[in-house]
1. Taking the condition away from the ligand (no atom under 16 Å from the Cβ), aromatic (Phe, Trp, Tyr) and touching a strand residue (DSSP E or B) at 6+ places or on another chain (Cβ under 7 Å), does Phe10 pass?
2. Say we look at region 206-227 and pick out the residues that are open to solvent by 20 Å² or more (accessible area, probe 1.4 Å) and more than 21 Å from the chain's Cα centre (by Cα); which of these is farthest from Asp273 (Cα to Cα)?
3. Within the bounds of region 39-55, is there any residue that is at pLDDT 95 or above, surrounded by 16 or more Cβ atoms within 10 Å (Cβ to Cβ), within 10 Å of the ligand (Cβ to nearest atom) and aromatic (Phe, Trp, Tyr)?
4. Inspect region 236-257 for any residue being open to solvent by less than 20 Å² (accessible area, probe 1.4 Å), small (Gly, Ala, Ser) and either within 14 Å of Ser2 (Cα to Cα) or in contact (Cβ under 8 Å) with a residue 24 or more places away in the chain (or both) and give the result as yes or no.
5. So in region 158-177, with the set limited to residues that are under 19 Å from Asn12 (Cβ atoms) and of a type outside the set (A, V, I, L, M), which one is most open to solvent (accessible area, probe 1.4 Å)?
6. For region 258-270, which residues satisfy the criterion of being of a type in the set (S, T, N, Q) and surrounded by fewer than 22 Cβ atoms within 10 Å (Cβ to Cβ)?
7. Being within 13 Å of the ligand (Cβ to nearest atom) and free of Cβ contacts under 8 Å to residues at least 60 places away in the same chain is the filter here, so list the residues in region 258-273 that pass it.
8. When you look at Gly70, is it out of contact with any strand residue (DSSP E or B) (no Cβ under 8 Å at 6 or more places or on another chain), farther than 26 Å from Ile244 by Cβ and of a type outside the set (Ser, Thr, Tyr), yes or no?
Amino acid sequence: MSIPIPKVKFNNGVEVPIIGNGSWAPNTPEAQGAVKDWILSALKAGFRHIDTAQGYHTEGAVGQAIRESGIPREEIFVTTKLPWSDHGRVRESFEVSHANLGTYIDLYLMHWPQYIPQREDGSDPINPDGSWQASDAVNFNQSWAEIEKLLDTGKVRSIGVSNFSIKTLEELLKTAKVIPVTNQVELHPYLAQNELREYCQKKGITLTAYTPSGYSVVRNDPLIVSIAEKYKVSPTQVIFAWHISRGTIIVPKSENPERQKQNITLVQISEEDIGKIWHLDRGQRICNKADEKTGQVYGWTLEQLGWVNYRNSA
Ligand SMILES: NC(=O)c1ccc[n+]([C@@H]2O[C@H](COP(=O)([O-])OP(=O)(O)OC[C@H]3O[C@@H](n4cnc5c(N)ncnc54)[C@H](OP(=O)(O)O)[C@@H]3O)[C@@H](O)[C@H]2O)c1
């Protein structure tokens, strides 16, 4: 039996549909050229929440799909993100995102806590060993203060963060005047983020899960597969039922109309079966992992990120 799409209320009263379609795409002309059509098909399938980022180069396609859909703008929730390269120029970067989308932004996130300025020639600052050169010229407390000011523009309704840990949130909250409405992090049954979840609940910060399906690694877990068989639904639907039971906002990405329909069809699973999924947690990151040579994740160590109790995917 499918259930209606619940909404989650942020600490500022704004509501967001609990499931959105992600919009990361490879940065090739072919892949980018296809994005508008699959965002449009996600909207037709019933999604009313789209997650993008300036770093994905898909903001323009998202804006265009929303306009072409004919769905009233206020019925759709749009999230975009400040790139790590722009911590020193928040206002300018925000204006670029706003222009790309061609509409107001429901939620603006700091994509990563670390600042990685681009080189003067516009290239990515990557060292010969493959590590990224982060900079401490601007810290996330300073860029958050600039993000807070964006609320006065009337072009953004809510602000939040992404890839923050308890450690970096503690540091942020020392100076924040506005509490982030959400923290978007990798989260799935193999990386349940229970401590972060408890911490964020106490602070009034929701969690949004990226990589919510856990890819084929989690979709093929024998317990997930057996529950899916029992309820005659897909493994992805079982995983999403677990997220929804925990009140976590999820932004799965699919560009396939059939899988989009499947993802937006939320199913009911018994509390007992959901309870079994809680035991799958093993602190396993599958999407953003530490580089094997440098031990870093985009220029920061796990220590700096506060990504403790963690292991790389096999
Ligand atoms: N804040 C951050 O740093 C961050 C990092 C990563 C991602 N994100 C956001 O989160 C979104 C989703 O993350 P993600 O792509 O890593 O994880 P995901 O949504 O869990 O996985 C996407 C992959 O699963 C496939 N898929 C989707 N639904 C499926 C289904 N029902 N059955 C089988 N396969 C299915 C997709 O293929 P098809 O498209 O072919 O269906 C795609 O290969 C991104 O698009 C982006 O918006 C944010």
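The values are calculated or read from the model by the stated rules, or taken from the named source; none is laboratory data. All values reported here derive from a predicted model rather than from experimental measurement. Every residue, glycine among them, receives a Cβ derived from its backbone with ideal geometry; neighbour counts consider all protein chains shown. Side chains are part of the model used for accessible areas, which takes the heavy atoms of the whole protein and leaves out ligands, DNA and RNA. Shrake-Rupley method; radii C 1.70, N 1.55, O 1.52, S 1.80 Å.
1. Spelling it out, Phe10 is indeed away from the ligand (no atom under 16 Å from the Cβ), aromatic (Phe, Trp, Tyr) and touching a strand residue (DSSP E or B) at 6+ places or on another chain (Cβ under 7 Å).
2. If we filter region 206-227 for residues that are open to solvent by 20 Å² or more (accessible area, probe 1.4 Å), which is where we start, we get 206, 210, 215-217, 219-220, 222-223, 225-226.
Still in the running and more than 21 Å from the chain's Cα centre (by Cα): 220, 222-223, 225-226.
Working: Asn220: 16, Pro222: 13, Leu223: 9, Val225: 12, Ser226: 10 Å.
Out of the qualifying residues, it is Asn220.
3. No, the conditions are met nowhere in region 39-55.
4. yes
5. Looking at residues that are under 19 Å from Asn12 (Cβ atoms) and of a type outside the set (A, V, I, L, M), I get Lys177.
6. Gln262, Thr265, Gln268, Ser270
7. Glu258, Arg259, Gln262
8. yes
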